[in-house]
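See structure below.
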Amino acid sequence: MAKVSDKKATEKVPSKKSSKGQKYVYFFGNGKADGRADMKNLLGGKGANLAEMVNLGINVPPGFTITTEVCTAYYKNNKKYPAELKTQVESAIATVEKIMGRKFGDPNNPLLFSVRSGARSSMPGMMETVLNVGLTTKTIPGLIKKTGGNERFVYDAYRRLMMMYSDVVMEKAAGIEPAEGQAIRQRLEHEMETLKHNKGYKTDLDLQVDDLKYLCDRFKEIIKDTLGKEFPDNHTDQLWGGIGAVFQSWMGKRAVSYRKIEKIPDDWGTAVNVQTMVFGNTGENSATGVAFTRNPATGENVFYGEWLTNAQGEDVVAGIRTPNPVNKAGKTEDTKHLPSLEENMPKLYKELLAIEKKLERHYKDMQDIEFTIEDGRLWMLQTRVGKRNGQAAIRMAVEMAQEKLISKETAILRVKPEQIDELLHPSVDPIAEKKAGELAKGLPAGPGGAAGRIVFTADDAEAWKKKGEKVILVRNETSPEDVHGMHAAEAILTAKGGMTSHAALVARGWGKCCIVGCSALDIDFHKKILRVGDKVLNEGDWITLNGTKGRVYEGQLPLLPADPEHNKWYKELMKWADQFRKIGVRTNADTPNDATVARSYGAQGIGLCRTEHMFFGPDRIKAVREMILSDTEEGRRKALAKLLPYQKEDFIGIFQAMAGLPVTIRLLDPPLHEFLPHTDHDIEELAKEMGVSV
């Protein structure tokens, strides 16, 4: 736990000051909030949006946000907190206690908290969360009594707290870097999986009260043996440990890697959100889910999401259980047999539908929301602007403008250049795909097609990429520790997880090909092999993914370039862009095909045609090499004569494609060594062709 310091950090974003000093804690709940949506620099995206939802009259579990300024102070003052923080946190807890009619740490009527990170820019899964903070041997009996004797729920919540807290606070925040497969979370999960296997259980829901009590006792022993410390049995220690771990995670390896990729400054810092726990795992009348106000994979204007009955939020996104579709419209061939929230809890689904519409109208953008149903009551835990791939971004922007939700100018500005670039992603050749025969099928979580060699760890993906190899990262499920390897890979394939899992969310944000929930995969990380039925694939073997359809193929199938000209939303957006733009765009194009593609994307001419690039084809480069190495003028002219028809044909094709638009041509202008052969084989081939010795 960090110590409270008298020093205050130099703040970039001014927070409120009073006679009691600087305000570091902002309350939200019970219809009132200290913050607003436009305060995300101070409160982080999650904290600002929680406050805004309260201001909109939406049911949000009460809590408080510790500002990003505390994170800045924490790192500037040798990991010590501002002096005022402890008192302000205690005051906010007292306010929450009064609203909820429960007390934090009370043995008879305990209040539990979640502790979550919240940077100003969304960093899904990159930073830490701890749930069920405040469960101790003293508060467990009181919670059992308050839940009508529901021992199973309480001990399930306790084992979850131990799994998260030991991982996030006691290992990662403490700077412990375990060997591969030896992390505390993996050890605890292995203990639980072993018990389930020995008792013939299929899912966590099969665990009985005695099983959970046994696991809680074993977890304490494993934590002590592995980390050399007792699991904390004091509610206050748990809370401050969780708060410190969130601040520590801001400078964690995976968060730093993600910020570099997403160009997020290190000095922004993160806020911490401490919120009353509401439980989706108290029984069959409780549930939890993640949803999007529009489909983040296609952009279609349909409410889309996943939910699980009798579960906590981590279960939906962690890939531990396959989630159900939130409504009938979201059902696929693989999930058509699963009951939707719309069918199981129609009244609550209708309430959720009204909230998602209100949030999208308010924020004027697609929202990614998290919700929990506790004993038949709906609580909203989060809203944020949802990640989407390029195809979805373009469709949403155009349709929202057509619906008069946003202006055409806003629609254009909302689509990032790299999202338009995603329309240029290759796809699997449908003819080759039809002949290939499907190896496995999962959920289509990221766009386009990709082929690469199988690797099983993020570090290997990064290392192979550096050697020039195309790789596909294959995992049971990804975690935020895998982000560097996910970025290096051509595509991502996971055996578990749904469309709101970590892999799906990150891949969608990057526009990367991804398939999740491919349950036919059996991965042996120790032997570095992948089994699919009786098929065995090794590390380094080629596979091909169709991320649009969720299909996996053995071997390297041919990929075709994308065709944005047949995308009606892209064409409409480009028309609007033409109405507002003030500059013209010319392209680099060195071949008739380049010129044709450039015109199809709206280029108004060729800014540079580099003639030397016309000669790098296998037939043409030999003639150039003959010209360079010839001893006589006659030999050089003879070689050039071979090139003339090629160049003439290329220029005719380029001019035809440009149809009168300007073309700027640069004559041959490279260092000559670029054309010379580099391998022994190429040198021997050229010598043979020219009739000279090597």
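Bear in mind these aren't lab numbers, they're just calculated from the coordinates by the rules spelled out. What you are looking at is a predicted structure, and each value in this text was computed from that prediction instead of being measured. Cβ coordinates were reconstructed from backbone atoms using ideal geometry, including for glycine residues, and neighbour counts include every protein chain displayed.
Observations
- A DSSP coil position with no more than 16 other Cβ atoms inside 10 Å describes the following trypsin sites (Lys or Arg not before Pro) in region 242-306: K263.
- Helix-only [θ]222 nm of the chain, DSSP H runs n ≥ 4, -39500 (n - 2.57) each, per residue, nearest 500: -12500 deg cm²/dmol
- Note: region 43-154, Cα convex hull, 144 Å³ per residue.
- Calculated translational diffusion coefficient of region 287-388 (37 °C, 0.692 mPa s; Stokes-Einstein with Kirkwood radius over alpha-carbon pairs) equals 243 µm²/s.
- Placing +1 on the Cβ of every Lys and Arg and -1 on the Cβ of every Asp and Glu, with no other charges, gives the chain a dipole of roughly 2400 debye about its Cα centre.
- Taking other C-beta atoms within 10 angstrom as a stand-in for reagent exposure, E634, E52, E462 fall in the order E634, E462, E52, fewest first.
- Bridges between two residues of region 425-560, per DSSP, are antiparallel at a rate of about 70%.
- Within the shell defined by Cβ-Cβ distances under 14 Å, the residues around P178 carry a net charge of -3, with Lys and Arg each +1 and Asp and Glu each -1.
- Taking the Cα centre of region 142-282 as origin and assigning +1 to Lys and Arg Cβ atoms and -1 to Asp and Glu Cβ atoms, the resulting dipole is close to 280 debye.
- Look at C216, C71 and count the other Cβ atoms within 10 Å of each Cβ; fewest to most, that gives C216, C71.
- Evaluated at q = 0.20 Å⁻¹, the base-10 log of the normalised Debye intensity for region 583-690, with identical point scatterers placed on the Cα atoms, takes the values -0.99.
- If you take all other residues with their beta carbon under 14 Å from the beta carbon of R259, and give Lys and Arg +1 and Asp and Glu -1, the sum is +2.
- Leading residue at positive end of dipole, region 261-310 (Cβ point charges), from M277, T293, P265: T293
- Centre separation in Å (Cα based) which lies between region 478-527 and region 90-123: 34
- Ranked from largest, the principal axis spans of the Cα set of region 228-338 equal 46, 39, 25 Å.
- The fewest-to-most ranking of L573, L537, L545, L661 by surrounding Cβ atoms within 10 Å reads L661, L537, L573, L545.
- Charge dipole (the chain, unit charges on Cβ, about Cα centre) - positive-most of I412, T68, L308: T68
- E97 sits among other residues whose Cβ lies under 15 Å from its own Cβ, and their net charge, with Lys and Arg +1 and Asp and Glu -1, is +2.
- DSSP assigns beta bridges within the chain; of those with both partners inside it, close to 75 percent run antiparallel.
- Inter-centroid distance (Cα atoms) of region 287-358 relative to region 190-209, Å: 26
- Here region 583-690 is treated with +1 on each Lys and Arg Cβ and -1 on each Asp and Glu Cβ, and its dipole about the Cα centre works out to around 540 debye.
- Working note: Debye formula, equal point scatterers on the alpha-carbon atoms of the chain, no solvent; log10 I(q)/I(0) at q = 0.09 Å⁻¹ is -0.86.
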